[in-house]
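Report on the following structure.
The values are calculated or read from the model by the stated rules, or taken from the named source; none is laboratory data. Remember, it's a predicted structure, so these values are computed and weren't measured experimentally. Here the Cβ is made from the backbone with ideal geometry for all residues, glycine too, and neighbour counts use every protein chain on show.
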């Protein structure tokens with residue numbers, strides 16, 4: 001319990017610090033407004049051109065609320081890999097590694113602390129815009145049911161982002177790896193287009209990868225809060241968290257042997 005209280009304190013401190021500059025927090029969150037407006041124009045034209053109110057089980061309202069949740073999850077994530085890379089470049093990584101805490105658990109605590117208020121603000125601004133454009137959410141119960149899946153999505157993102165950040169122990173710069181990761185998340189995660197609109201064979205592949213559990217699963221659960229979908233999403237997340245968490249531990253231990261500290 002003492003060990004857990006240490007990281008809980010780190011989480012709380014980061015959470016409070018994220019409110020130190022409310023103007024910046026709100027400014028970042030306003031980005032979701034033009035995104036949702038563009039999505040509305042795009043999918044409104046798409047549904048009209050298709051001549052139907054329902055495409056593969058999703059209406060225009062479902063699609064917009066799905067995309068709002070997907071953007072909320074994505075925009076709430078802190079740039080963890082870039083932060084670790086900068087720590088390596090300026091030499092501050094040595095200071096962090098010598099602190100009396102586990103480096104990875106420290107990064108997880110701070111990442112979650114930075115994420116919470118970002119996501120809340122994105123959900124508020126994005127939700128107001130989508131409500132104005134297409135009406136209320138399909139199911140108000142989607143909010144509480146999706147929360148565990150959203151937390152699981154952030155945990156998965158942490159595992160992948162942290163592994164990319166650990167690559168800086170060898171390469172120092174990880175921007176190329178982050179670019180590739182983001183594109184996989186956009187396409188195979190269902191950030192820009194719900195996976196329901198993909199060809200059946202591509203849906204099977206995408207839904208079996210961790211990217212779908214990070215974006216599509218929680219967002220789809222938000223608009224379709226059923227028990228079967230909830231269990232499926234949580235099971236896939238648990239499997240991938242176990243796999244990626246194990247790989248992260250191995251990568252961290254191996255990465256320490258390659259680390260060369262720069263700066264002072």
Response to the item:
Of the listed residues (231, 202, 209, 259), the one being within 25 Å of residue 141 (Cβ to Cβ) and surrounded by fewer than 20 Cβ atoms within 10 Å (Cβ to Cβ) is 231
Worksheet item: For residue 116, which of the numbered conditions (1) surrounded by 15 or more Cβ atoms within 10 Å (Cβ to Cβ); (2) within 24 Å of residue 35 (Cα to Cα); (3) modelled with pLDDT of 90 or more fails to hold?
Response: (3)
Worksheet item: Just checking, which of 226, 257 is under 24 Å from residue 119 (Cα atoms) and over 19 Å from the mean Cα position of the chain (by Cα)?
Response: 226
Practice prompt. Kindly establish whether residue 173 is under 23 Å from residue 143 (Cβ atoms), touching a helix residue (DSSP H, G or I) at 6+ places or on another chain (Cβ under 9 Å), touching a residue at least 40 places away in the same chain (Cβ under 8 Å) and surrounded by fewer than 23 Cβ atoms within 10 Å (Cβ to Cβ).
Written response: no
Worksheet item: Got at least one residue in the stretch 85-102 being under 24 Å from residue 132 (Cβ atoms) and either under 25 Å from the mean Cα position of the chain (by Cα) or surrounded by 14 or more Cβ atoms within 10 Å (Cβ to Cβ) (or both)?
Response: no
Worksheet item: In the stretch 167-181, is there at least one residue being in a helix (DSSP H, G or I) and closer than 20 Å to residue 220 by Cβ?
Response: no
Worksheet item: Restricted to the stretch 15-24, and to residues that are modelled with pLDDT under 75 and in a helix (DSSP H, G or I), which residue is surrounded by the fewest Cβ atoms within 10 Å (Cβ to Cβ)?
Response: 23
Worksheet item: How do the pairs read when you match residues in the stretch 103-123 that are closer than 15 Å to residue 9 by Cα with residues anywhere that are not in a helix (DSSP H, G or I), using Cβ under 6 Å and keeping only pairs 6 or more apart or on different chains?
Response: 111/78; 114/18; 114/78
Practice prompt. Could you tell me which numbered condition residue 129 fails, if it satisfies all but one of (1) within 19 Å of the chain's Cα centre (by Cα); (2) buried (at least 17 other Cβ atoms within 10 Å of the Cβ); (3) in contact (Cβ under 8 Å) with a residue 60 or more places away in the chain; (4) more than 17 Å from residue 224 (Cα to Cα)?
Written response: (1)
Worksheet item: What helices (runs of 4 or more DSSP H), lying completely within the stretch 25-108, carry at least 3 residues that are within 17 Å of residue 127 (Cα to Cα) and touching a helix residue (DSSP H, G or I) at 6+ places or on another chain (Cβ under 7 Å)?
Response: 32-50, 60-75
Worksheet item: Does the stretch 136-148 hold any residues that are touching a helix residue (DSSP H, G or I) at 6+ places or on another chain (Cβ under 6 Å) and either in a loop (DSSP other than H, G, I, E, B) or at pLDDT 95 or above (or both), and which are they?
Response: 137, 138
Worksheet item: Would it be correct to say that residue 164 is over 28 Å from residue 20 (Cβ atoms) and under 18 Å from the mean Cα position of the chain (by Cα)?
Response: no
